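Working notes, structure below.
The values are calculated or read from the model by the stated rules, or taken from the named source; none is laboratory data. Just so we're clear, the structure is a prediction, and the values are computed from it rather than from any experiment. Methodologically, a virtual Cβ is constructed for each residue, glycine included, from the backbone with ideal geometry; neighbour enumeration extends over all protein chains shown. The accessibility values were calculated without ligands, DNA or RNA, using every heavy atom of the protein model including side chains. Shrake-Rupley method; radii C 1.70, N 1.55, O 1.52, S 1.80 Å.
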Amino acid sequence: MATTGTSAEQEHGGKVSTRHGIVVLDFGGQYTQLIARRIREQQVFSAVLPCTAPLDDIRAQQPVGIVLSGGPSSVYDKDAPVCDPKVLQLGVPVLGICYGMQWLTHTLGGKVERAQHREYGPAQLDVSRPSPLFQGLPDRLKVWESHGDHVVGLPVGFHITGHTDKTVAAVENPEKKFYGVEFHPEVLHTDRGTEILQNFVFTICGAGRNWNRAGFIAETVESIRQQCDGARAICALSGGVDSTVAAALVDRAIGGRLTNVFVDTGLLRRDEFLDTLALLRERLRLNVIGVDASERFLGKLHGVSDPERKRKIIGNEFISVFAEEGRKLLAGAEPGLPVKFLVQGTLYPDVIESVSVKGPSAVIKSHHNVGGLPDDMPFGLIEPLRDLFKDEVRLIGRELGLPDEILVKHPFPGPGLAVRLLGEITPEKLEMLRGADAIVVEEIHRAGLYDKVWQAFAVLLPVRSVGVMGDGRTYGHPIAVRVVDSQDAMTADWSRLPLEVLEKISVRIVNEVPGVNRVVYDISSKPPSTIEWE
Ligand code: XMP
């Protein structure tokens, strides 16, 4: 991620742009996202597009260079991912990484050999011929490989610039400015990989340092303003970091023409609805409608225990509440000020997972947005964060002046406490869970651990066990405490909390939450478990 802007802006004449950067075409590689990120860390804008992106979409980015990502396929697979070969005629330098290199050489008439098995792990690169890609680097580098096939015959105009002991590891056609590496410069296991990417971006493509947070905000705000063209927009705000940063950006662009809707599903944490509403309205000065729909949600959930049914009911109900608010706005809109847009805090990982090789991913996770709106609500989408990752969004939020309460807030699932209250949901059980949950969060804060762990919460279990309190026997519910460390929620490990913190949590819950007589700590990692219990 770029360091804050002013000096870079001054240094580069104040020009800041989400154009004139590097387009990364995704062939489905697990590191694709990292490539774009490493480039943005150099203050050069970089967007990932699926390899199937139409040439016009690529041109629209006005790229100064293209990176072809790695991917799990072989160029000989029946449905091997390909991009439009005209990408190679855009007149800008191209760097193929791993599968990208194989596709590049194969497409230009070289020969790629099918591998019996994948080579994975560290290798030594010997640079055998000077190349601008390796400028300023030693002739020997430890690199990280993860490939199946490899290149054995070069297209016309290409030569080899590096080997490992097993394969051709780097090739180039300097006249056309086409480069290929079999290893992954974007991963930290490759020595000085960032410098290889810098050489491509600056020396070969001549990119300017034109991207930083302040610039991203300025440019995004301007383009939202143009996109809205006087119309109004509506946003489903959850108070989480993604939707709040998206709303704050749109608010900066069109101010009072943005209406945010924050729905109380009755499944939020203790005090969350009113506290968040106050924060959004008073501190962030956002135009927010708070809709208390808790009775509707709890009514629909009455008697339902099945986790998937719970999720479905909540998702559908959310859409209908939001659609109702949308219709009210549409009906009340002044002539000449139509409500035309829906704002969503969609992030890059929501848009393009590795399925992107099958085409632009339309399958946005339904729980992250208000997908599924009825047809009579013809909204265009505004998704200002769709090229970014969560930690980049946090930095943008910081630059926008959003408070820490929002920026460091733990993720909270759309279905809320419903997936943390196992079995049937009743108001009494919700109250128990809220009480226990508040204690967990409070003690994690007190111990100074809130921003060190990924998530911390309580789960109410649908069984009862015997206990003793005072002179009497109790027969109460257990609370499971779940605290996990994670980078991205794809994998997670249980947090090794200090025993004193666990003790405090346990004692307080049993003493302060009527109906709970036992506390257990969840020591499962993901996989094989998940973070949430349902
Ligand atoms: P799991 O339980 O799959 O959770 O390990 C991974 C991350 O996703 C969050 N999560 C959800 N978020 N709607 C959401 O918005 C959902 O239905 C949902 N389910 C899980 C979970 O809190 C964790 O951060």
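A simple spin-label model places pseudo-atoms 7 Å from Cα toward Cβ; at Asp275 and Asp77 they are separated by 4.6 nm. Farthest toward the positive end of the dipole of segment 297-349, out of Leu337, Phe318, Gly299, is the Cα of Gly299, where the dipole comes from beta carbon charges about the Cα centre. When Rg and Dmax are taken over the Cα atoms of segment 63-144, they come to 14.4, 41 Å.
With both labels modelled 7 Å from their Cα along Cα-to-Cβ, the Gln116 to Glu295 distance reads 7.2 nm. Straight Cα distances below 20 angstrom link Lys86 to the aspartates and glutamates Asp26, Asp56, Asp57, Glu172, Glu175, with same-chain residues fewer than 8 positions distant left out. Among the listed pairs Lys177/Lys390; Lys166/Lys390; Lys300/Lys328, those whose Cα-Cα separation exceeds 31 Å are Lys177/Lys390; Lys166/Lys390. For segment 213-407, the Kirkwood hydrodynamic radius comes to 17.4 Å, computed from all pairs of different C-alpha atoms.
For Thr474, nonlocal amide neighbours, meaning residues 5 or more places apart or on other chains whose placed amide H falls under 5 Å from its own, are Gly467, Val468, Met469.
Which value, in debye to the nearest 20, gives the size of the charge dipole of the chain about its Cα centre, when Lys and Arg are +1 and Asp and Glu are -1 at the Cβ? All intermediate terms of the calculation are to be shown ahead of the outcome.
On the way: 58 positive and 68 negative charges, 44 e Å.
Value, rounded to 20: 220 debye.
Amide H contacts for Gln455 (H built 1.01 Å from N in the peptide plane; partners 5 or more residues away or on another chain; cut-off under 5 Å): Val484.
With a 1.4 Å probe and all protein chains left in place, how much of the accessible area of the chain comes from carbon and sulfur atoms, in whole percent?
Working: 12070 of 23520 Å².
Here carbon and sulfur together make up 51 percent of the probe-accessible area.
Note on segment 443-511 and segment 48-119: Cα centroid distance 49 Å, given to the nearest whole angstrom.
Protection proxy ranking for 62-72, 105-115, 449-459, using the average of other Cβ atoms within 10 Å per residue and placing the highest first: 62-72, 449-459, 105-115. Within the chain, the whole DSSP H helices whose Cα atoms reach 18 Å or more along their own axis and whose mean Kyte-Doolittle score is at least 0.0 are 241-254, 499-512. The residues of the chain expose, per residue, 44 Å² of accessible area to a 1.4 Å probe. In the chain, helical runs assigned H by DSSP with n ≥ 4 each contribute -39500 (n - 2.57); averaged across all residues and rounded to the nearest 500, the mean residue ellipticity at 222 nm is -9000 deg cm²/dmol. In this structure, the amide hydrogen of Tyr521, modeled 1.01 Å from its nitrogen in the peptide plane, lies closer than 5 angstrom to those of Val481, counting only residues at least 5 positions away or on a different chain. Relative to its residue count, the chain spans a Cα convex hull of 174 Å³ per residue.
About the Cα centre, and with charges only on the beta carbon of Lys, Arg (+1) and Asp, Glu (-1), how big is the dipole of segment 475-530? Nearest 20 debye, please.
The calculated dipole for segment 475-530 is roughly 160 debye.
Projected over every direction and averaged, the convex hull enclosing the alpha-carbon atoms of segment 426-521 yields 6.7 nm². The heavy atoms of Asp191 offer some 70 square angstrom of accessible surface to a 1.4 angstrom probe. Averaging the sequence gap over all C-alpha pairs within less than 8 Å and six or more residues apart, then dividing by the number of residues, gives the chain a relative contact order of 12 percent.
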